[in-house]
Each structure stands twice: as C-alpha cells, then as structure tokens.
Amino acid sequence: MMADTGSEDIAVIGNTDLTPAELENNIKNTMVEKGTTLLKKMEISVAEAEKRTGKNAVNMHETYTVYLIETRPVDAASEGGNPAPDTLWRRYSEFELLRNYLLVTYPYIVVPPLPEKRAEFVWHKLSADNMDPDFVERRRVGLENFLLRVASHPVLCSDKIFYTFLTEENGWKEAVFETGFQAKADSRLKALNATFRVKNADKRFADMKHYGDELQSVISQLLRVRARVADRLYGVYKVHGNYGRVFSEWSAIEREMGDGLQSAGHHMDAYAASVDDILEEEEHYADQLKEYLFYTEALRAVCRKHELTQYELETATQDLSYKKQQREELATGTIRTFSLKGMTSKLFGQETPEQREAKLKMLEGQIEEGEEAVKEKNAECEEFVKNAWVDIERFKDQKDQDLREALIGYAIMQISMCKKGIQVWNNAKECFNKM
C-alpha cells in the first residue's frame, strides 16, 4: 500500500541526523509521489475502544484501553467490492511510541499531536477519569484524527514504520527499536544549552517559536473560558427544569389554566434535558482547539532543533578558527592570547623545530577535518532550514483553515442554541395564550 515510487517526479526528504547508510535507507522509506498520500490509497479508521485487564511490566494487574484500527484499500471500494477490513488492536502507549519515532526521524516536520492522555480544561460536571466512557470515546476520535493527519502528510505518510504500525500487529515494536531512533533523540539539556548559547539563529525560527508560545497561551485561556461558560450554561439549562416542575405543580391546582401550564412545563423539561447533547457537541469543538494547543509544542520542537543544528555549526566553526589560530602561532612563534601553552614556553623554553613540525602536521590534519565538518554542518543546517520552513508553511495553512472552520462551527452552534431557547419561550407563550 506504499505510495507509488515509479514516477520520475519524486520528492525525497531525509533525517538530517542520519549517517549516509541510514540516510539512503530513510530515503527509500520516504519517497513520495508528489500529490499522493497514503490516505488516497487506504481507508483508515479507529473503529472502537475496548477495556482490558492484564499484567504490566512489574507483574501487577492493570486496566487499560485498546483501540481497534481498521484499514481497507481504496481501490477495492471504488471497484464496487466491500471486502472486510484488516484489523488490529493498539494501546495508547503504542501510539506514543510511533509519534516519538516520527519526532526523532523527521525533526524538521511539525508532527501531528496525540489526543490528551488525561482530560484537561474540563468543566466540573465532566469526568476527568481516563477510563470514563465519554473520555475514551473522545480519545478514540482523536487517535483516528492523528492517524489521518499522518497518512495525509506528504512525507510522513510513506514512512515504512508507520505503514507497519497500521498493518502488522506483531513485530511492530521490534521494528521501531531496530531503527535505533532512541539513540538519535536529543536530550532536553542539550537543546536547552543550544537555546541559550546559539548566536546567529534564523530570525524566522525565533519568531515562530515565540508565536508558538503565544498561541499556546491564547488557546489555553480560550479553553478555560469555555469551561467556565459550559459550567454556567449547564446551570441555566437545568434551572429551566425547575420551571417545568413548578408549572406542572401549579397546573394541578388550576382548572382553566391547568392544560396551558402543564404544556409549558413540558417544553421547559425538554429544554433542560437538551443541555447534555449540546455540551457533548461543545466538547467536540474543545477537542479541536486542544489539538492545536498540543500542536504548539510540536512547532516549538522544530524551532529548538534548528537552534541545536545552528549551535553545532557555530561550535564547529569556532573550533576550526581556534585550530587555525594555533597553526599561525606555531608557524610564527607568536602567542596572540594568554594561554597555558604560552606560560609553559616562557618557563621551560621553546619547542624544538622537530616538535613544532610534528604539531603543525597534526594541526593541518585537524584543520582539514574541521573544514570538512563545518562544510557538512553548514549543508545540514541549510537543508534543515529549507525542509522545516516548507513544512511550517504547510502547517500554517492547515492551522488557519482548521481553526477558522472550528470557530465558525462553534459560533453556529451557539446561535442555534440561542434560537432553541427563544423557540422554547415562544412555545411557552403560545401555551399561556391558550389558557
């Protein structure tokens, strides 16, 4: 089901951290015909979730959730057939492993996020239990969305490990670990050090990293406001149930007005009961916002990787400059800066010509290696910037479209909800008119 590689029009992007042999293998795994994604060749869904009990790594019983992935060739459906889909079960931790692999293997890509492991930004009537059926269902939808995002990405969709994740139930983890991706992962300390010590970072990436921080802050605030509004909305709707109860009790003591009051009470009861469906729809829009809340970390990860790549280039350049300075000092016999070597020369005398010649020869070799290292790091940095910025631009277009649609949908839902409230009171008014 891999993307067709027979066309001459091929886009190839590889991991900037791989050795030549690994890079060649990665290129074979990431050859994508332009305009073609796995999603155009395969139907993918996370059809259901199931709670199971088993023993964990320390031989203790635990309850966990597994998710059923279904795949089916698109060609089979288009030809009029309806074959049974291929199915396999995956735990959330396996989705995490897949994403970690993608983050390390494609550091220049804004990798789609997973849905939250535990509920955040919830209003008080909503359960934060990660085993709650409603939460598990929302996470199932989020995991399906993650797979669809990866399968429609122009580069990630053709990764061999991703394809194996979708199609091979056994042996998948072994295949992931055989890639050695964990050894290539950058440590947090290393990335933090680069952030503070890099001198000439690309301003576009610095601005994008700051934008990621700001977007995370704005979406977090928006989700908190929505949770407070949902709390109040729930209260307002449920209070209308009190109207229904009072009108029904009142109707029992009235003869002429009784039917009208009872009918109005029924409208109020129905209105109060409708809040659960409304707030369930609201959670759908909240999950869309949360996806981009988590996307901000993926965006910042690309920017941090650029800082690290740039810092390594600057370090290699600085080392080369120092070696050239040493060569010049040895050749001229002049010490330009204070050093332990200069003090040693003054105390114990100058080196013999043979010693100086041997050191010069060694330095020439180190300088040659350093120049090659700088050349490689410079090419790596340029390639990373080019590839990363292409994907950032793709992400920005996707983000603008998705958030625009989500906000419009949320506004339409609020308008519909207000119209329903107006309609309820219009119906109540008609009931009162008939009394």
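The values are calculated or read from the model by the stated rules, or taken from the named source; none is laboratory data. Quantities reported herein were computed from a predicted structural model and do not represent experimental measurements. Ideal geometry is used to build each Cβ from the backbone, glycine not excepted, and the neighbour counts take in all protein chains shown. Ligands, DNA and RNA are stripped out before the accessible areas are found, and what is left, the full protein with its side chains, is counted by its heavy atoms. Shrake-Rupley method; radii C 1.70, N 1.55, O 1.52, S 1.80 Å.
For the reader, a short list of remarks on this structure follows.
- Under the condition of being open to solvent by less than 100 Å² (accessible area, probe 1.4 Å) and farther than 30 Å from K290 by Cβ, the residues counted in region 404-424 number 2.
- From the options E214, E256, E249, residue that is over 44 Å from the mean Cα position of the chain (by Cα), in a helix (DSSP H, G or I), modelled with pLDDT of 85 or more and surrounded by fewer than 17 Cβ atoms within 10 Å (Cβ to Cβ): E249
- K160 being modelled with pLDDT under 85 and open to solvent by 40 Å² or more (accessible area, probe 1.4 Å): no
- With respect to being within 38 Å of the chain's Cα centre (by Cα), assigned by the TED database to the domain that holds E291, at pLDDT 85 or above and assigned to a helix (DSSP H, G or I), G365 falls outside the description.
- Selection of region 79-119 for residues being assigned to a helix (DSSP H, G or I), open to solvent by 50 Å² or more (accessible area, probe 1.4 Å) and touching a residue at least 60 places away in the same chain (Cβ under 8 Å) yields N100, L103.
- Sole residue being among the aliphatic types (A, V, I, L, M), in a helix (DSSP H, G or I) and out of contact with any Lys or Arg (no Cβ under 8 Å at 6 or more places or on another chain), chosen from L308, L293, L313: L293
- Restricting attention to region 262-290, the residues that are in a helix (DSSP H, G or I) and closer than 21 Å to R228 by Cβ total 17.
- Checked against the criterion of being without any contact (Cβ under 8 Å) to a residue 24 or more places away in the chain and open to solvent by less than 20 Å² (accessible area, probe 1.4 Å), region 278-299 contains not a single residue that satisfies it.
- Pick from region 127-179, criterion without any contact (Cβ under 8 Å) to a residue 40 or more places away in the chain and small (G, A, S), ranking: farthest from Y295 (Cα to Cα): G171
- Among the candidates A227, A175, A151, A206, residue that is in a helix (DSSP H, G or I), more than 30 Å from L279 (Cβ to Cβ) and more than 20 Å from the chain's Cα centre (by Cα): A175
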